[in-house]
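Only one structure is covered here, and it is reproduced in the block below.
The values are calculated or read from the model by the stated rules, or taken from the named source; none is laboratory data. These numbers come from a predicted model, not from an experiment. Cβ atoms come from the backbone with ideal geometry, glycine included; neighbour counts cover every protein chain shown.
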Amino acid sequence: MEELAIVVPVYNEQETIELFIQEVNKVQLDLKKNFYFIDDGSSDQTLSLLKKLSAENETIHYVSFSRNFGKEAALLAGLKATSEPLVTVMDVDLQDPPELLTKMYQTLQDGFDVVGTRRISRDGEPVVISFFSRLFYKIINKISKVPIVEGARDFRLMRRPVVDSVLRLEENNRFSKGLFAWVGYQVTYIEYSNHERSAGKTSWTFGQLLSYSIDGIVSFSEAPLNIATFIGFVSFLTSLALGAFFVFKTLVFGDPVQGFPTLIVLILLLGGLQLLSLGIIGKYIAKIFLETKRRPNYLIKESNIKTLD
């Protein structure tokens, strides 16, 4: 029987893990399901529960980080832990409907390498987060050479070569939605409406989502640098034009003491543009700095997977 690896990042999810396993096991698939839970430094009883469940069921595997390294690190560790020919990534809160696995597997047999999922509605999600999420996809698809499907989830069913290709991307600053899109292959998407969490509260704050979006834009586009260069060039031309204008005005009409408010506004405007440009450049330099350190994406405290690095 062909095997399926189910990679599940978890952080303080003791309330949802058992329910998630029950719901996934209800799905009728002619596949052996192996669970890979990646505990991202939880502070509740998540790890203890995973140890208990894995001792009772050989299909349940776990990896526990030494601290919270973030979902991207957990996804990477989970993919590395697998060896099965088919791999899927799922959220433990059941916002990724397990019942879609049947349709995803059937669709995969039509010659696809990846069957992804995308939300076509955001019912139940805060209006502000929905607005900025849509705005993010519009921006990144305008400036990135790699198209990223709006509403695409990490929940996708992949063949082994796709997973191996993603693992070849060894960068530290990871943006999985972009990496999955970058590797290519034959991809199709299944649409579904938003599902609310089964239990517990999300660990994502608006600030974290905003930071994650900025990281995605910086990782997959040079457009912010081009914008900073363009702003600098336009400011330079404007200053030359204004300089020529004021020289001409002084020679023809004299030099009355005027325009103090205009001067202050121009100084603040140009100063702000300079700081904005420096901030954009600094963001890219920071990414380079972090990459050159070559620190690991995560540190494993304990695991029941002997073959994991």
Completion exercise
If we take the stretch 1-105, then strands (runs of 3 or more DSSP E) inside it with 2 or more residues that are not aliphatic (A, V, I, L, M) are 3-10, 32-39, 60-65
Handout entry: Residue match in the stretch 172-184 (condition: touching a residue at least 40 places away in the same chain (Cβ under 8 Å) and exposed (fewer than 15 other Cβ atoms within 10 Å of the Cβ))
Key = no
Fill in the blank from the handout: Those residues of the stretch 25-42 that are out of contact with any helix residue (DSSP H, G or I) (no Cβ under 7 Å at 6 or more places or on another chain) and either modelled with pLDDT of 85 or more or of a type in the set (S, T, N, Q) (or both) come to a total of 3
Handout entry: Which numbered condition V10 fails, given (1) on the phi < 0 side of the Ramachandran plot; (2) more than 23 Å from the chain's Cα centre (by Cα); (3) not basic (K, R)
Key = (2)
Handout entry: Filter pass, D96 being under 25 Å from V149 (Cα atoms) and buried (at least 18 other Cβ atoms within 10 Å of the Cβ)
Key = yes
Exercise for the section: Answer with yes or no whether S64 is touching a residue at least 24 places away in the same chain (Cβ under 8 Å) and touching a helix residue (DSSP H, G or I) at 6+ places or on another chain (Cβ under 7 Å). Expected result: yes
